[in-house]
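Notes for the one structure printed next.
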Amino acid sequence: MLIGLLQAVGGYNEPAPTWLPVVVFLVPAVIVVAVLIPALRSRKRSGAAQRQQRRGRQSADTRLGSATEIDDCAPYSTDALLKAMAIKPEDHGPGGGQPHDEGWAGTMLGLKSKISYATVVLEPHVYWGERPCGQVFIRVGPDEKLEGGTMMGTNRHVRQITVLRVAAPVFDLEVRDGRPTATADSDLSIAGALASLSQDEVVWQDLRVHGGADGIVVHRGAITAPGFWIYDLWLAERIAGALTLEALPAARIGPAWKVPYGLGRAFEPSTSA
């Protein structure tokens, strides 16, 4: 780059212009700032998520299987909400022939699990199975666009994606003023299901939801708030229960199952889905 600048101002034999040292300094400075600002934002959001977990309701104060009594999940820590939604108590094993049940969170919810141990190939953790409202599919880690690769240039596609397979009206939710809010073109029935949710910028950070004939898909980033998929599952089941949505016919789902509407790869639903 420096050689190119010298050539542009007349070659090596001409005196360097006074602005050249400034440019030489600014180029790496801009690069550092471009990298540092997103990192600082991520660190700030991660710290906020950790503080929220400490001040939220804890699992010791929560009754197993008490999710139907919860109108707003935001005051709960992820551990407490998991316990409230669970059908089995927390048990880390041994189980399934293994000394430790790495998928213990899914086991609590009555779901099967596949936990990635890969060190080179990018793979997600996956939970799937039947819940009272319908079939559930959860994947945490590299999304379908990154999965199978060996390099990750950005955290953008490291996500937690939750699917509840129910016949839902068409709607989209985004976070406004710290609350999940339906977009203007969404089915009007969805507003009532969200009325009890409180404002919480941390719990609902990055949340996006799309509903339709192939189910409800909730997705967000996984870097700054790992484990927040339990809030997403609660929200999807809350909507399904409030609107008395019917479960879709059982499908063969498992680790390789693809997220509907193209949301396993993109952030907006595919128009062809």
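Things to note:
- Estimated FRET transfer efficiency (Q50, A191; beta-carbon r; R0 35 Å; 0.05): 0.65
- Carbon-plus-sulfur accessible fraction, the range 60-188 (probe radius 1.4 Å, protein heavy atoms only): 52%.
- Largest accessible area first, the listed residues F267, F137 line up as F267, F137 when surface is computed with a 1.4 Å probe on the assembled protein chains.
- With the whole protein complex present, Y231 retains an accessible surface near 0 Å², based on a 1.4 Å probe.
- Cα gyration tensor shape for the range 137-256, rounded if a/c is under 1.5, else prolate or oblate: oblate
- For the range 230-273, the spherically averaged projection of the C-alpha convex hull amounts to 4.4 nm².
- Scattering profile of the range 65-165 at q = 0.16, 0.17 Å⁻¹ [log10 I(q)/I(0), Debye over alpha-carbon scatterers]: -0.81, -0.89
- The candidates L188, L248, L207, arranged from most to least accessible area with a 1.4 Å probe in the full protein assembly, appear as L188, L248, L207.
The values are calculated or read from the model by the stated rules, or taken from the named source; none is laboratory data. As the structure is a computational prediction, the values presented were derived from the model and not from experiment. In this analysis, Cβ positions are derived from the backbone assuming ideal geometry, glycine residues included, and neighbour counts consider all displayed protein chains. These accessible areas exclude ligands, DNA and RNA; they are computed on the full protein's heavy atoms, side chains included. Shrake-Rupley method; radii C 1.70, N 1.55, O 1.52, S 1.80 Å.
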